[in-house]
Amino acid sequence: MSNQSIYWNPVLETLPYEKIRKLQLKKFQRIFSWAYEHSKFHRTLYDNDGIKPKDIQSFSDIKQIPTVEKSMMRDIQGKEPFPYGDALCVPLNEVTAYRQTSGTTGQPVYQPDTWQDWEWWAECWAQLLWAQGYRPKDRVFIPFGYNVFVAFWAGHYGAEKIGCEVVPGGVLDTRARILKIQELNPTAMMGTPTYMLGMADTAINKMKLNPADLSIEIITCAGEPGASIPSTKKRIEDAWGAKVYDHAGATEIGAWSFECTEQPGSMHVNDAFFLVEIVDVETGEAIETPGVRGKMIITALDRQAQPCIRFDSKDIIEWDTKICTCGRTSKLIKGGVVGRTDDITKVKGVLFSPSSVENVVRGIEGLGNDYELKVEKINDRDKITLQVEFVQNFSEEMDKIKSKLSDQLRLKTNLNYEIEFCQYGELPRYPVKAKRFKDLRK
Amino acid sequence: MSQKINLSEVDKEIKQLKRTSELLMDQSERFPALQKNITRILASIKMLEINISDIVELDNEQR
């Protein structure tokens with residue numbers, strides 16, 4: 001048995017929570033002053049509300065600070081210095097890395113990082129990968145396009161920082177990536193849940209290979225909520241014969257949350273590096289009570305080139321009552337990121353989350369991984385249509401499956417659906433991130 | 001492990017590393033190989049500060 005620490009940072013990760021809070025306040029004061037002194041955008045934003053750095057003395061004071069939304073970042077980036085605008089806190093010649101958001105919710109946001117910020121990204125990832133069992137002995141395969149999106153770039157550098165051997169599976173198609181896994185026997189891999197399932201599907205159906213017979217033992221998923229949706233996690237774990245761990249992060253924020261090897265059904269917040277607040281979606285009131293969902297407002301406490309202070313992430317999360325058995329003292333968010341305010345909507349007067357439908361569909365044996373969901377208004381009434389596929393060559397007990405799906409959907413989401421069954425391969429396939437829910441009422 | 005390591009002593013060494021790096025940086029204006037490698041070293045030292053020195057500083061403030 002190795003005598004290595006189970007924690008990347010045995011001090012910070014086991015700090016009494018009261019002390020974490022003191023550290024967060026101190027670090028918040030520091031990053032707030034930094035942004036106020038170095039960015040015209042931040043100074044103007046806070047001056048308009050009459051808030052100066054010396055005013056931040058408590059968490060109640062923090063709650064009074066205006067939030068920043070992605071749309072504001074887009075406006076900023078029309079200003080000088082090109083292309084980042086006046087939220088930039090360092091001279092342009094200190095920026096060493098450019099990334100951008102995917103633009104799925106509008107014009108992409110540009111993200112500048114200094115070398116120090118990039119070290120910080122890798123540090124956050126090193127901590128989460130260590131918590132998921134990555135060690136220097138691991139060979140890590142990264143089947144990711146290495147493009148302008150941050151995605152698994154930081155995972156690559158985080159794994160290197162740990163001392164893993166990293167295999168960049170960049171400009172390869174899915175078959176070539178599977179062959180590379182067969183050739184090199186990597187022990188770990190990173191990808192979106194959609195792509196991990198898609199890769200497994202390619203291996204089974206197009207290459208007649210069983211991915212569970214390959215060498216992968218650990219999979220880190222990010223980019224979509226799937227790895228925290230129990231039935232999706234199970235499908236990926238079963239397909240690859242590997243443990244699957246979730247991670248949440250964002251280009252503008254950093255790698256703020258992760259699941260550990262205990263798989264408690266919740267994700268740790270990296271509390272020493274981030275301040276996570278949850279607020280009511282409609283009123284903006286702070287939510288401290290576990291089990292109550294709201295949207296996340298987050299501050300990256302050490303990110304300098306383009307600070308992320310009280311950023312309205314639109315992610316829907318809730319605090320867990322549990323403390324993890326792994327010994328980390330950080331707070332847990334129950335079930336990971338359960339959706340986004342853009343996706344969670346009222347249907348027939350009921351709060352509806354597409355991820356709950358995914359959990360039902362992928363929990364039923366005989367149904368494929370792919371589905372499509374749409375809501376439309378017909379004669380002033382909401383109608384939800386769900387399209388699902390049977391798995392390939394499946395012909396038994398179709399009626400039982402249909403009835404089970406309908407019952408489970410009603411039970412888990414309190415809604416009735418128009419269900420359309422399709423043959424395997426009929427529904428769209430998504431290469432990286434899936435966009436299966438369409439609200440046609442908007 | 002946190003009981004076996006003297007964080008204050010580690011912090012002192014981190015500060016010494018930073019002083020040395022800054023001293024070298026001051027001499028690097030016309031020496032890119034020195035300047036850019038020290039920039040990277042200072043970024044790594046910052047990671048040591050946020051992993052260790054911030055906690056030591058907090059403890060010292062509370063005493």
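The values are calculated or read from the model by the stated rules, or taken from the named source; none is laboratory data. Values in this document were obtained by computation on a predicted structure and should not be read as measured data. Quick reminder, even Gly has a Cβ in these numbers, built from the backbone with ideal geometry, and neighbours come from all protein chains shown. Ligands, DNA and RNA are excluded from the accessible area calculation, which covers all protein heavy atoms including side chains. Shrake-Rupley method; radii C 1.70, N 1.55, O 1.52, S 1.80 Å.
What is the residue count in segment A:277-320 for residues that are within 14 Å of chain B (Cβ to nearest Cβ) and among the charged types (D, E, K, R)?
2
For the condition at pLDDT 95 or above and either in contact with a Pro (Cβ under 7 Å, 6 or more places away or on another chain) or surrounded by fewer than 23 Cβ atoms within 10 Å (Cβ to Cβ) (or both), what is the one hit in A:310, A:340, A:303?
A:310
Looking at segment A:14-24, which of the residues that are open to solvent by 30 Å² or more (accessible area, probe 1.4 Å) and facing another protein chain (nearest Cβ under 10 Å) is nearest to residue A:66 (Cα to Cα)?
Top of the filtered list is A:22.
Residue A:122 passes all but one of (1) assigned to a loop (DSSP other than H, G, I, E, B); (2) modelled with pLDDT of 95 or more; (3) touching a helix residue (DSSP H, G or I) at 6+ places or on another chain (Cβ under 6 Å); which number fails?
Condition (1) is where residue A:122 drops out.
Please go through segment A:302-338 and give me each residue that is among the β-branched types (Val, Ile, Thr) and either part of a loop (DSSP other than H, G, I, E, B) or in contact with a helix residue (DSSP H, G or I) (Cβ under 7 Å, 6 or more places away or on another chain) (or both), ordered by number.
The answer is A:309, A:321, A:323, A:325, A:329, A:337, A:338.
Looking at (1) without any contact (Cβ under 8 Å) to a residue 40 or more places away in the chain; (2) closer than 30 Å to residue A:91 by Cα; (3) open to solvent by 10 Å² or more (accessible area, probe 1.4 Å), which is the one condition that is false for residue A:274?
With (1) without any contact (Cβ under 8 Å) to a residue 40 or more places away in the chain; (2) closer than 30 Å to residue A:91 by Cα; (3) open to solvent by 10 Å² or more (accessible area, probe 1.4 Å) applied to residue A:274, the lone miss is (3).
Counting only residues that are touching a Ser or Thr at 6+ places or on another chain (Cβ under 9 Å) and either assigned to a loop (DSSP other than H, G, I, E, B) or of a type in the set (Phe, Trp, Tyr) (or both), how many does segment A:277-289 have?
2
Here are some conditions: (1) open to solvent by 10 Å² or more (accessible area, probe 1.4 Å); (2) of a type outside the set (Val, Ile, Thr); (3) over 22 Å from residue A:146 (Cβ atoms). Residue A:184 meets all but one. Which one does it not meet?
If we test residue A:184 against (1) open to solvent by 10 Å² or more (accessible area, probe 1.4 Å); (2) of a type outside the set (Val, Ile, Thr); (3) over 22 Å from residue A:146 (Cβ atoms), just (3) comes out false.
Take the conditions without any contact (Cβ under 8 Å) to a residue 40 or more places away in the chain and farther than 20 Å from residue A:430 by Cβ and apply them to residue A:351. Does it pass?
The answer is yes for residue A:351.
Would you check if there is a residue in segment A:72-95 being under 18 Å from residue A:148 (Cβ atoms) and either among the acidic types (Asp, Glu) or within 14 Å of chain B (Cβ to nearest Cβ) (or both)?
Yes.
Which residue pairs have Cβ atoms closer than 6 Å, lie 6 or more positions apart in sequence or on different chains, and pair a first residue in segment A:62-74 that is in contact (Cβ under 8 Å) with a residue 12 or more places away in the chain with a second residue that is open to solvent by 50 Å² or more (accessible area, probe 1.4 Å) and in a loop (DSSP other than H, G, I, E, B)?
Listed by first residue and then by second, the contacts come to A:66/A:49; A:74/A:107.
Which condition from (1) modelled with pLDDT of 95 or more; (2) surrounded by fewer than 23 Cβ atoms within 10 Å (Cβ to Cβ); (3) not β-branched (Val, Ile, Thr) is the one that residue A:145 breaks?
Of (1) modelled with pLDDT of 95 or more; (2) surrounded by fewer than 23 Cβ atoms within 10 Å (Cβ to Cβ); (3) not β-branched (Val, Ile, Thr), only one is false for residue A:145: (1).
Of all residues in segment A:375-414, which are outside any helix (DSSP H, G or I), surrounded by 15 or more Cβ atoms within 10 Å (Cβ to Cβ) and either under 27 Å from the mean Cα position of the chain (by Cα) or among the basic types (Lys, Arg) (or both)?
A:375, A:383, A:384, A:385, A:386, A:387, A:388, A:389
Counting only residues that are more than 13 Å from chain A (Cβ to nearest Cβ) and open to solvent by less than 50 Å² (accessible area, probe 1.4 Å), how many does segment B:26-63 have?
Result for segment B:26-63: 2.
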